1. Considering segment 136-171 alone, what residues qualify as being modelled with pLDDT of 95 or more, in a loop (DSSP other than H, G, I, E, B) and among the charged types (D, E, K, R)?
2. For residues that are among the aliphatic types (A, V, I, L, M) and closer than 20 Å to E33 by Cα, scanning just segment 131-153, find the one that is surrounded by the fewest Cβ atoms within 10 Å (Cβ to Cβ).
3. Condition first: of a type in the set (D, E) and either in a strand (DSSP E or B) or over 21 Å from T51 (Cβ atoms) (or both). Now tell me which residues in segment 112-135 satisfy that.
4. Name the strands (runs of 3 or more DSSP E) wholly inside segment 1-111 in which the number of residues that are touching a Gly at 6+ places or on another chain (Cβ under 9 Å) and at pLDDT 80 or above is 3 or more.
5. List every residue pair whose Cβ atoms sit under 9 Å apart, with the two residues 6 or more apart in sequence or on different chains, where the first one lies in segment 47-76 and is under 22 Å from D37 (Cβ atoms) and touching a residue at least 12 places away in the same chain (Cβ under 8 Å) and the second, anywhere, is in a loop (DSSP other than H, G, I, E, B) and of a type in the set (K, R).
Amino acid sequence: MLRNSAYIIVCVFLAIMIITFSSCAGSKLLRTELAQDSEITGSFTLIMHGTRHTFDLKTIAFLDREGDGYELMPYAPTFDYKVIGNLSAKEAINRAQDFVKWHRSFRRSQVSKIIDDRGSVIGYEIRPLYDPLDYGISNVLVVDYWLKEGGKVKVTIRLHPTAELHLRRHEMPKGQM
């Protein structure tokens, strides 16, 4: 019985590794750097991810620079995000800032530029930073940008393990509110 369980665990682990590496095959991880609102100029498509329920910490906004040959694509169901195109930098920033500050634990936002492999800025992210007492850390998101063929940029969004652990520890048992 123990031998069968170990075999199943190894097979599941291998399947997860194959899926993980095959989804990133042919991809290049892009980097981000902190930025200021004043750096943001041009026309953008605004992508607003999250705010689906009261405790949705996977809330973040992206400003995808229009006409640069890149397209930011959240790796999420389409009902998890909204897209608004052809916005000026100022309007996109204002809408993004309003979007990310909805949560009760919001303290401030952080702006980062998304940089391609040649050093060009292809867009920006505006993420919320929360009260660290509520979730164990202020920056609860881990966001990766994977450059795919044809200028598509796959954006993966997940909770930081510290925030996930903090949420699990403080969940109420089912049936209690």
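1. Within segment 136-171, just K148 meets the criteria.
2. Going through segment 131-153, the residues among the aliphatic types (A, V, I, L, M) turn out to be 133, 137, 140-143, 147, 153.
Subset that is closer than 20 Å to E33 by Cα: 137, 140-143, 147, 153.
Numbers: I137: 15, V140: 26, L141: 22, V142: 12, V143: 19, L147: 18, V153: 22.
The extreme case among them is V142.
3. Just the residues of segment 112-135 that are of a type in the set (D, E), to begin with: 116-117, 125, 131, 134.
Selection gives D116, D117, E125.
4. 43-49, 60-65
5. From segment 47-76, the pairs are H49/K58; G50/K58; T59/R52.
Each row is one residue, and each column tells you yes or no for (1) under 18 Å from I47 (Cβ atoms); (2) exposed (fewer than 14 other Cβ atoms within 10 Å of the Cβ); (3) among the aromatic types (F, W, Y).
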site: K90; (1), (2), (3): yes, yes, no
site: R95; (1), (2), (3): yes, no, no
site: R104; (1), (2), (3): no, yes, no
site: S112; (1), (2), (3): yes, no, no
site: V121; (1), (2), (3): yes, no, no
site: I126; (1), (2), (3): yes, no, no
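The values are calculated or read from the model by the stated rules, or taken from the named source; none is laboratory data. What you see is a predicted model; the values in this text were computed from it and never measured. Every residue, glycine among them, receives a Cβ derived from its backbone with ideal geometry; neighbour counts consider all protein chains shown.
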